[in-house]
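Just so you know, all these numbers are worked out from the coordinates, no wet-lab data involved. Given the structure is predicted, the values throughout are model-derived calculations rather than measurements. Cβ: placed from backbone, ideal geometry, glycine included. Neighbour counts: every protein chain shown.
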Amino acid sequence: MALPGVTEATIRQHASEESFRRGESYYAEGAVASLGRRGDALSAAVWGSQPEPYRVAIAFDQSGIVSAACDCPYTEGGWCKHIVATLLAALRQPEKVQERPPLDVLLAGLNPEQLRTILLRLVERHPDLVEGLESQIALLVVIPAGPAPAPAGAASVSVRPSAAAEPLRPRPAPLDVRTHRRAVRAAFHSADRLSSSEAYWAVSGVVGEVRAVVDQALAFVRAGDAWSGLAVLEAVTDEFKDAWETLDDSNGEIGDFFGELGNAWTEAILNADLSRAEREEWREKLEGWQADVGDYGVDDCFLAAIAAAKQGWDYPPLLRVLRGEPGAPTAGAAALEEERADGRREDEEHDEEDEEDLDADDLFDPDLIDVRLTILDRQGRHEEYLRLAEAAGQTTAYATMLVRLGRAGEAVEHSLQRLATAPAALEVARALREAGQLEPALRVAERGLTLEGRKVELATWTRDLASALGRTDRALAAGLIAFREDPSLAAYLRVQELAGPGWPGRKAELLDHLRRTRSFLASGPVDVFLHEGLVADAIAAVERDGNDSLVQRVMDAAVATDPAWVIRTGRKRAEPIMDGGKAQHYDAAVDWLRRAQEASKTAGRAAEWQRYLDDLIARHGRKYKLVPMLAALRKKM
């Protein structure tokens, strides 16, 4: 089985040098078992240091790998050694890959009762599946929205009930939230007897426990019982705002959680079938809470929720956007104030409200827009989603929704004209790729490479997609950008692979770029220079930007070609430690000297080095920990 768009250079690009090396060892040792392909998915069991193998799952399409995951605890970034071993096995021994029927084919012949039985058995064996199932079921719950009359000639739109209408469903019996209140109090009391330093580290645990209660509220909301969700959120907010000052929030974690709490309120209010009077009650509470915490620097956590309570779904400017009416407001439009006045004249029902509190500028609050779009999407109100996203300037959300609706051509046209940043282009390009629109995805990605923002991820993605599609020139262009943005040996080798016969010229170009440009991390340039045997260039790079471990790598490589530099560097790094009496770092000092000693031997300067060590021992004779270490080093001459 051939893996589209995958080479060893690709694997190196996504894994650290250490992960690739160890993954190659695992492959060579035969650690990869149960290697199989099911449709567009590759899976394997890879034996490691544990009694059970680690499970690897890799998804791909005709242009290459879409995702790669492993259940091992690796968190260092990039692909782990088990993923590397799996891909190397599939790449080097394709005949060992077992073809298996796609899951949809396996399930096609089962009736609902059989599917239910299988699902229950799986949950019984793997209880951790329950939460995932619950979240997926909650996403299928659609909260009905009541119809609202539209002006003649305008598109129809569903909105929430107004003050003149009764709620769409009877209110559920009030939820007893005493348990939720106790849970929040218990979270804070868990830090009561801790010292100040212990309490600092306990903040994360406290916030985590309170977040779990908020998650319960959101579960009610997303399952269609927003009233119970509001009740739980009220209990959490009451308790949290009164107790949070007792904890040390030096790292800002509690302040960040207030933002999460505010977003939860926004979602609950916009999901609930509230009359205007009811929204006004919640608005007053939210403003009171905002005033309470605002005195302590938490300035804006509830502002989006307050705006949601002001506006609901029947706010005239919002209705004009959702209906797609001519002259509807857009984010940043100079006529927003005039639009607000038009809204007052349009809907006489708002005459009883305090009009000064309804500010159309709040309509496009990013947090509020995000929640509105989520709800519209969940309810399948996609045309309204598109109108709101476009009016709010949410170009990425607008384009990705077009892709989901099967309108890829419109998405591409919109993206080419309206996208402003490289990360936004990557998001749209990924959506197009997932929809099987590979050439359009490449067009959008290449457009993104001309936009503002950090481009290394986009350039790498574009390079690999173009390469898989056989567009070598376009892959090379993106590969050059990826290398310049973030020089690394893997990116360098990919350019070499793509350049073909033109590599000598490209090689000189890339090396010259490394010599002229200071990189945020010197490790990439050093890896390239050492790969090419350019030790002098590696020395120059670490002298500008190198950390200790990188300098040591270059010293080890330079022993044969520039021992004098190694000696100077070892002494320069070791002497301040010894002179400063930093006993806890004497091991490091001696390690620097050890490298310099090896270089002295290579350079034929052993006698000179011995005299130097003797002088050190005499000079630091009273440092009882250091002297034996220096003496032991001298014995190795």
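Each of the peptides 89-96, 372-379, 258-265, 51-58 was scored by the mean count of other Cβ atoms within 10 Å over its residues; in descending order, highest first, they stand as 258-265, 372-379, 51-58, 89-96. Here the extension length gained between Glu113 and Glu95 equals 2.7 nm, from 0.36 nm per residue of separation less the Cα-Cα distance.
Counting neighbouring beta carbons within 10 Å and listing from fewest to most, the residues Asp61, Asp512 come out as Asp512, Asp61. Cross-link partners of Lys572 among lysines, defined as those whose alpha carbon lies under 23 angstrom from its own and excluding same-chain residues fewer than eight positions apart: Lys582, Lys601, Lys623, Lys625, Lys635, Lys636. For Trp79, nonlocal amide neighbours, meaning residues 5 or more places apart or on other chains whose placed amide H falls under 5 Å from its own, are Ala15, Ser16. When each of Arg515, Arg211 is scored by the number of other beta-carbon atoms lying within 10 Å, the sequence from fewest to most is Arg515, Arg211.
Cα centroids of the range 251-304 and the range 471-505: 50 Å apart.
Helical content alone sets the calculated 222 nm signal of the chain at -19500 deg cm²/dmol, taking -39,500 (n - 2.57) per DSSP H segment of four or more residues and averaging over every residue. May I ask you to derive the FRET efficiency for Arg418 and Thr561 from their Cβ-Cβ distance with R0 = 56 Å, giving the value to the nearest 0.05? Plugging the Cβ-Cβ distance into 1/(1 + (r/R0)^6) gives 0.55.
With viscosity 1.306 mPa s and temperature 10 °C, the Kirkwood radius over alpha carbon pairs of the range 1-127 converts through Stokes-Einstein to a diffusion coefficient of 102 µm²/s.
Only lysines eight or more places from Lys285 in sequence, or on another chain, were considered; those with a Cα closer than 24 Å are Lys241, Lys310. The gain in end-to-end length when the Glu17 to Asp587 segment is fully stretched comes to 202.5 nm, 0.36 nm per residue minus the alpha carbon separation. A convex hull fitted to the Cα coordinates of the range 396-453 yields 55 cubic angstrom per residue.
Subtracting the Cα-Cα distance of Asp238 and Ala508 from 0.36 nm times their residue separation leaves 90.7 nm of extension gain. If r is the Cβ-Cβ distance from His189 to Arg125 and R0 is 35 Å, what FRET efficiency results, to the nearest 0.05? Efficiency, from the Cβ-Cβ distance: 0.40. Angle check, please: helix 472-485 long axis (alpha carbons) against the longest principal axis of the chain (alpha carbons), in degrees 0 to 90, nearest 10. That works out to roughly 80 degrees.
Please report, to one decimal in angstroms, the Kirkwood hydrodynamic radius of the chain built from all distinct Cα-Cα pairs. This gives a value of 30.0 Å. Peptides 581-587, 9-15, 231-237, 461-467 ordered by packing proxy, namely the average of other Cβ atoms within 10 Å per residue, highest first: 461-467, 231-237, 9-15, 581-587.
Computed over the range 559-635, the percent of Cα pairs more than 20 Å apart is 24.
Taking the C-alpha atoms only, the angle from helix 548-558 to the longest principal axis of the chain is near 40 degrees. Helix 112-125 axis versus longest C-alpha principal axis of the chain: approximately 50°, rounded to the nearest ten. Tell me, what is the FRET efficiency for Glu76 and Glu52 to the nearest 0.05, using R0 = 30 angstrom and their Cβ-Cβ distance as r? Plugging the Cβ-Cβ distance into 1/(1 + (r/R0)^6) gives 0.90.
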